[in-house]
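Notes follow once the structure below has been shown.
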Amino acid sequence: MCSWCWGFAPAINTIRHKYVERLSIQLVVGGLRAGNDKVMDDEAKASIRHHWEEVNKATGQPFDFNFFERNDFIYDTEPACRACVTVRGLKSDTVLNYMELLHKSFYANNQDITDTSVLASLATSLGVDANQFVEVFSSERARTATHNDFQVACNLGVTGFPTIVAVDKAVNNDIENRYAYLNMGYSPFEVLEPIIEEWLAV
């Protein structure tokens with residue numbers, strides 16, 4: 001749940017479709033602002049708005065700036081992260097679509113994605129059973145799995161979003177993986193394409 005990840009949505013969609021036969025993509029949530037419990041004040045709103053304006057200008061992705069008229073919003077990204085982990089467990093082939101829906105709902109449509117009913121409704125639109133979603137989402141198991149993702153991102157040294165880490169699981173008979181950081185932070189597909197092609201060619 002980073003505005004640059006919303007800006008990155010067209011690039012990840014192009015990567016998904018162009019390399020569908022050559023790459024599998026796994027979403028790991030990083031936990032930006034996860035667990036935040038402070039209501040956004042004017043300073044926070046100004047800072048976040050600046051980021052949104054930068055992303056909009058650089059990528060053309062739409063934003064609903066009416067969001068900043070909210071007076072009591074707590075910008076906690078843990079529920080959205082946990083929702084992605086929940087969908088990944090229930091219907092893994094839809095998790096990237098779900099992440100894009102989350103981004104669009106929050107950034108472009110000003111929906112509250114800290115609200116369980118909103119998160120469940122978005123999952124339902126992709127064929128996930130609403131009751132099953134809520135049951136899993138509300139479980140301690142889902143919370144633990146989400147925090148495990150945060151730890152994976154931390155262990156990989158991720159310090160910016162979005163990040164693409166390429167993993168070659170064929171190296172040394174799966175005993176040891178080869179990692180390559182293809183980007184850390186936003187890059188358009190035109191910049192990423194030759195980097196991905198070079199990695200695939202090795």
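The values are calculated or read from the model by the stated rules, or taken from the named source; none is laboratory data. These numbers come from a predicted model, not from an experiment. All Cβ positions, even for glycine, are placed from backbone atoms using ideal geometry, and neighbour counts span all protein chains on display.
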Residues being touching a Phe, Trp or Tyr at 6+ places or on another chain (Cβ under 6 Å) and of a type in the set (S, T, N, Q) - total across the stretch 26-43
1
Do we have any residue at all in the stretch 99-117 that's closer than 19 Å to Phe150 by Cβ and in contact with a Lys or Arg (Cβ under 9 Å, 6 or more places away or on another chain)?
no
Verdict on Ala153 being among the small types (Gly, Ala, Ser), touching a Lys or Arg at 6+ places or on another chain (Cβ under 8 Å) and not in a loop (DSSP other than H, G, I, E, B):
no
Out of the residues in the stretch 24-50 that are among the small types (Gly, Ala, Ser) and on the phi > 0 side of the Ramachandran plot, state the one that is surrounded by the fewest Cβ atoms within 10 Å (Cβ to Cβ).
Gly35
How do the helices (runs of 4 or more DSSP H) wholly within the stretch 84-141 filter down when requiring 1 or more residues that are among the small types (Gly, Ala, Ser): which remain?
116-124, 130-137
Could you check Arg16 against (1) exposed (fewer than 15 other Cβ atoms within 10 Å of the Cβ); (2) of a type in the set (Lys, Arg); (3) part of a loop (DSSP other than H, G, I, E, B) and say which number it fails?
(3)
Does Ile74 qualify as being more than 21 Å from Gly160 (Cα to Cα), surrounded by fewer than 16 Cβ atoms within 10 Å (Cβ to Cβ), in contact (Cβ under 8 Å) with a residue 40 or more places away in the chain and among the aliphatic types (A, V, I, L, M)?
yes
Would you mind finding the one in Glu53, Glu21 that is surrounded by 13 or more Cβ atoms within 10 Å (Cβ to Cβ) and either among the acidic types (Asp, Glu) or without any contact (Cβ under 8 Å) to a residue 24 or more places away in the chain (or both)?
Glu53
How many residues does the stretch 140-190 contain that are loosely packed, with under 13 Cβ neighbours inside 10 Å, among the aliphatic types (A, V, I, L, M) and either at pLDDT 95 or above or in contact with a His (Cβ under 7 Å, 6 or more places away or on another chain) (or both)?
0
